[in-house]
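**Q** Following this message is one structure expressed as structure tokens.
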Amino acid sequence: MDADDKRLILAEHLNRFRQWTYESLVAGIARTHQEHDCLTTYDGVFDDGTEYHLELNVFWDDRRGGNVRVCADITTPPKTLLKQILPIHTPDASDSFIMTSDGRFVGE
């Protein structure tokens, strides 16, 4: 898969969370903080058979009670091993949005 295909899949998943209310995203912050986890993950396979992992995280953008940022990363299997053992995962593509308390998107 090329970079455009990865960004397209990333945008499709991220767009689902653009439909959430500010309050729902804030609840996601509380849950992920309590569970020490991300908002959600997806595993899939591109048309060419390459597996991918997508992870979405939600957190306060600037201060508690302020804007909320949702970030998404898509990663394919690592091609690099640290000391020939530990895989190094770096995102192939990333995207995010910021929502204000009144439901507007910052910078759009």
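**Q** With the checklist (1) in a helix (DSSP H, G or I); (2) without any contact (Cβ under 8 Å) to a residue 12 or more places away in the chain in hand, flag the one item residue 13 doesn't pass.
**A** In the conditions (1) in a helix (DSSP H, G or I); (2) without any contact (Cβ under 8 Å) to a residue 12 or more places away in the chain, residue 13 misses (2) alone.
**Q** What tally of residues in segment 92-105 results from selecting those that are open to solvent by 70 Å² or more (accessible area, probe 1.4 Å), part of a loop (DSSP other than H, G, I, E, B) and either at pLDDT below 90 or of a type outside the set (D, E, K, R) (or both)?
**A** 1
**Q** Follow-up question, since we're still on this one. Can you name the condition, by its number, that residue 41 falls short on among (1) open to solvent by 40 Å² or more (accessible area, probe 1.4 Å); (2) among the hydroxyl-bearing types (Ser, Thr, Tyr); (3) touching a residue at least 24 places away in the same chain (Cβ under 8 Å)?
**A** (3)
**Q** Could you tell me which residue of segment 42-61 is modelled with the highest pLDDT, considering only residues that are in a loop (DSSP other than H, G, I, E, B) and either within 18 Å of the chain's Cα centre (by Cα) or hydrophobic (A, V, I, L, M, F, W, C) (or both)? Talk me through it step by step, then tell me what you get.
**A** First, pick out the residues of segment 42-61 that are in a loop (DSSP other than H, G, I, E, B): 46-50, 61.
Okay, now just the ones that are also either within 18 Å of the chain's Cα centre (by Cα) or hydrophobic (A, V, I, L, M, F, W, C) (or both), so 46, 61.
Details: 46: 87, 61: 94.
So the residue we want is 61.
**Q** Is it the case that segment 13-26 has a residue that's aliphatic (A, V, I, L, M) and open to solvent by 50 Å² or more (accessible area, probe 1.4 Å)?
**A** No.
**Q** While we're on this one: Residue check, residue 67 against (1) touching a Phe, Trp or Tyr at 6+ places or on another chain (Cβ under 8 Å); (2) crowded, with 16+ Cβ neighbours inside 10 Å; (3) over 17 Å from residue 106 (Cα atoms), all met but one. Which one?
**A** Here residue 67 clears every test but (3).
The values are calculated or read from the model by the stated rules, or taken from the named source; none is laboratory data. Note that the structure is predicted; figures quoted are calculated from it, not measured. Note: ideal-geometry Cβ built from the backbone for every residue, glycine included; neighbour counts use all protein chains shown. The area values use the complete protein model at the heavy-atom level, side chains included, leaving out ligands, DNA and RNA. Shrake-Rupley method; radii C 1.70, N 1.55, O 1.52, S 1.80 Å.
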